[in-house]
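The values are calculated or read from the model by the stated rules, or taken from the named source; none is laboratory data. Small disclaimer: the values here were computed from a predicted structure and weren't measured. Note: ideal-geometry Cβ built from the backbone for every residue, glycine included; neighbour counts use all protein chains shown.
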Amino acid sequence: MTETLATFLVNLFNGFNKQVVIFIISMLPILELRGGLIAASLLHINFIEAYIICIIGNILPIPFIILLFEKIEKVLKKIKIFNIIFSKLETKTLKKRKQIDKYGYLGLLLFVGIPLPGTGAWTGALLVSLLDLDKKKSLIYILLGVILASIIMSIVSYLIPSIITSL
């Protein structure tokens, strides 16, 4: 699914600056860094450049989510439709809390760092807010998780395809 969405966005933003495209994709929930690195690979962007852009793009919204989610949620929950959306989001996100409860901040790092559906920096930041975890400490572990995810996705997006094409 991530590859399909990344491909769709690459085609949608055809003609735009490639670096801006991967930066924006890396900032988006669901796609995040995973989608950014896949898009960078599809756009033939230099690995180091793509790596740095995607990490920055993925981590940039996270402090805002951690710091502002509770305040925004309180205001928007007063509106019926947003109350329904936030309730579903909370239920879905809190189902993923077992890993955090079991392993603490290391669980948060692994949750963000192992690129599986429903995991990533955005969901990790929502868990931090919903579980009322230490914000500064959590931000460090989310950043480390993003770096772990970037290593895994670099192998998948750049190393494996280059090995396959050189065979």
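Descriptive notes on the structure:
- Scan of segment 141-155 for residues that are among the hydrophobic types (A, V, I, L, M, F, W, C) and in contact (Cβ under 8 Å) with a residue 24 or more places away in the chain, ordered by number: ILE142, LEU143, LEU144, VAL146, ILE147, LEU148, ALA149, ILE152, MET153
- Output for segment 41-71, where each listed residue is free of Cβ contacts under 8 Å to residues at least 60 places away in the same chain, among the β-branched types (Val, Ile, Thr) and outside any loop (DSSP other than H, G, I, E, B): ILE48, ILE52, ILE53, ILE56
- Selection status of ASP132, among the charged types (D, E, K, R) and at positive phi: yes
Condition check ((1) under 14 Å from the mean Cα position of the chain (by Cα); (2) aliphatic (A, V, I, L, M)) across all residues:
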residue: ALA121; (1), (2): yes, yes
residue: GLY124; (1), (2): yes, no
residue: LEU127; (1), (2): yes, yes
residue: LEU131; (1), (2): no, yes
residue: ASP134; (1), (2): no, no
residue: TYR141; (1), (2): yes, no
residue: MET153; (1), (2): yes, yes
residue: SER157; (1), (2): no, no
residue: ILE160; (1), (2): no, yes
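- Residue check for LEU139: surrounded by fewer than 18 Cβ atoms within 10 Å (Cβ to Cβ), part of a helix (DSSP H, G or I) and in the same structural domain as LEU68 (by TED's automatic domain parsing): no
- In segment 157-167, of all residues being of a type outside the set (Phe, Trp, Tyr) and touching a residue at least 12 places away in the same chain (Cβ under 8 Å), the one that is surrounded by the most Cβ atoms within 10 Å (Cβ to Cβ) corresponds to SER157.
- Selected residue (only one of PHE82, PHE86 is of a type in the set (Phe, Trp, Tyr), in contact with a Leu (Cβ under 6 Å, 6 or more places away or on another chain) and either outside the structural domain of PHE23 (by TED's automatic domain parsing) or on the phi > 0 side of the Ramachandran plot (or both)): PHE82
- Just one of (1) at pLDDT 90 or above; (2) within 16 Å of the chain's Cα centre (by Cα); (3) among the aliphatic types (A, V, I, L, M) fails for LEU43. It is (2).
- Residues of segment 116-136 satisfying the condition of being in a helix (DSSP H, G or I) and either crowded, with 19+ Cβ neighbours inside 10 Å or small (Gly, Ala, Ser) (or both): ALA121, TRP122, THR123, GLY124, ALA125, LEU126, LEU127, VAL128, SER129
- Residue that is under 24 Å from ASP134 (Cβ atoms), at pLDDT 95 or above and aliphatic (A, V, I, L, M), where the choices are ILE59, ILE100: ILE59
- Verdict on GLY113 being surrounded by fewer than 21 Cβ atoms within 10 Å (Cβ to Cβ), among the small types (Gly, Ala, Ser) and closer than 19 Å to ILE147 by Cα: no
- Cross-chain or 6+ apart pairs with Cβ under 7 Å, segment 110-122 first and of a type in the set (A, V, I, L, M), then at pLDDT below 85 and surrounded by fewer than 24 Cβ atoms within 10 Å (Cβ to Cβ): LEU110/GLN99
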